[in-house]
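Notes follow once the structure below has been shown.
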Amino acid sequence: LYTPRALQQKLWATSRIHQPEWECYDSDTVMRRMDSAEHWGGTAMTLTTMSHLPRIDQHGPESRSSRFKEFSALVPKDAEPLDFSVNQAPLELQGGKVLMGFTLSVPSEGLGRSVVGETTAVQVDVVGEISNEDRMVDRFRYIFSVPNPSEHLDILFERSLRPGSYQLRIKLEDVHSEKAGADVVDFSVDPPEAAQDPGTESQGEATAPIKDESR
């Protein structure tokens, strides 16, 4: 729904609050385009075309279904135990959602190492599933690379959720060993008492020196 003015605002915005996602620009143009799409979508020709869409029985390696099955929050049966703790806290409001920050604390002792040049690093694979009343509302995967790890790793990531009660199932797996562990955490999402501007210094302090290589 990016109209020319909204696209210009997105390119020039200096704060995430002023992005077109949170404001409505050129609403008349947007409504006219939605009315046009509704009109043409209900014509006999369009409905006939939709009823004869080809059925795809096999999905290629780049399809969404294939990528969705590439990772799971279940721990392999032959994995060595890996203990870690989970903490969460609301960070800021984002429209009708709350940006939640999650911290995974895991001891680095016993994790596999890889050598890149003169640097030793560990890599951990994080897979999570967030559900609400037995309905999955979010699913994600991160791979974190930590150069020269200290005694404990504090891994940070963020998810946007609507206020309510949720259950998080999360799996942490060491990329360079057979260690893996999982935990189930019940938590509530409530708007923070004092929502901070994403551009303030405190938001920058919430990040950790851990590189998120892929999602």
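Among the residues of the stretch 145-182, which ones are assigned to a strand (DSSP E or B), over 27 Å from LYS77 (Cβ atoms), of a type in the set (Gly, Ala, Ser) and touching a residue at least 40 places away in the same chain (Cβ under 8 Å)?
SER160
Of all residues in the stretch 115-130, which are open to solvent by 30 Å² or more (accessible area, probe 1.4 Å) and either polar (S, T, N, Q) or within 12 Å of VAL175 (Cβ to Cβ) (or both)?
Across the stretch 115-130, the qualifying residues are THR119, THR120, GLN123.
Residue check: is PRO163 touching a Pro at 6+ places or on another chain (Cβ under 9 Å), modelled with pLDDT under 90 and not hydrophobic (A, V, I, L, M, F, W, C)?
It is false that PRO163 is touching a Pro at 6+ places or on another chain (Cβ under 9 Å), modelled with pLDDT under 90 and not hydrophobic (A, V, I, L, M, F, W, C).
Name the helices (runs of 4 or more DSSP H) wholly within the stretch 1-113 that hold at least 2 residues that are at pLDDT below 65 and within 24 Å of ARG141 (Cβ to Cβ)?
64-68
Does VAL127 qualify as being of a type in the set (A, V, I, L, M, F, W, C), modelled with pLDDT under 90 and in a strand (DSSP E or B)?
no
Could you check ASP138 against (1) open to solvent by less than 70 Å² (accessible area, probe 1.4 Å); (2) in contact (Cβ under 8 Å) with a residue 24 or more places away in the chain and say which number it fails?
All conditions are met except number (2).
Considering only the stretch 154-194, state which residues are of a type in the set (Gly, Ala, Ser), open to solvent by 70 Å² or more (accessible area, probe 1.4 Å) and farther than 15 Å from ASP138 by Cβ.
Once the filter is applied, which keeps residues that are of a type in the set (Gly, Ala, Ser), open to solvent by 70 Å² or more (accessible area, probe 1.4 Å) and farther than 15 Å from ASP138 by Cβ, the stretch 154-194 yields only ALA194.
The values are calculated or read from the model by the stated rules, or taken from the named source; none is laboratory data. Fair warning: this is a prediction, and the values are worked out from it, not measured in the lab. Cβ: placed from backbone, ideal geometry, glycine included. Neighbour counts: every protein chain shown. Quick note on the areas: whole protein, heavy atoms, side chains included, nothing else; ligands and nucleic acids left out. Shrake-Rupley method; radii C 1.70, N 1.55, O 1.52, S 1.80 Å.
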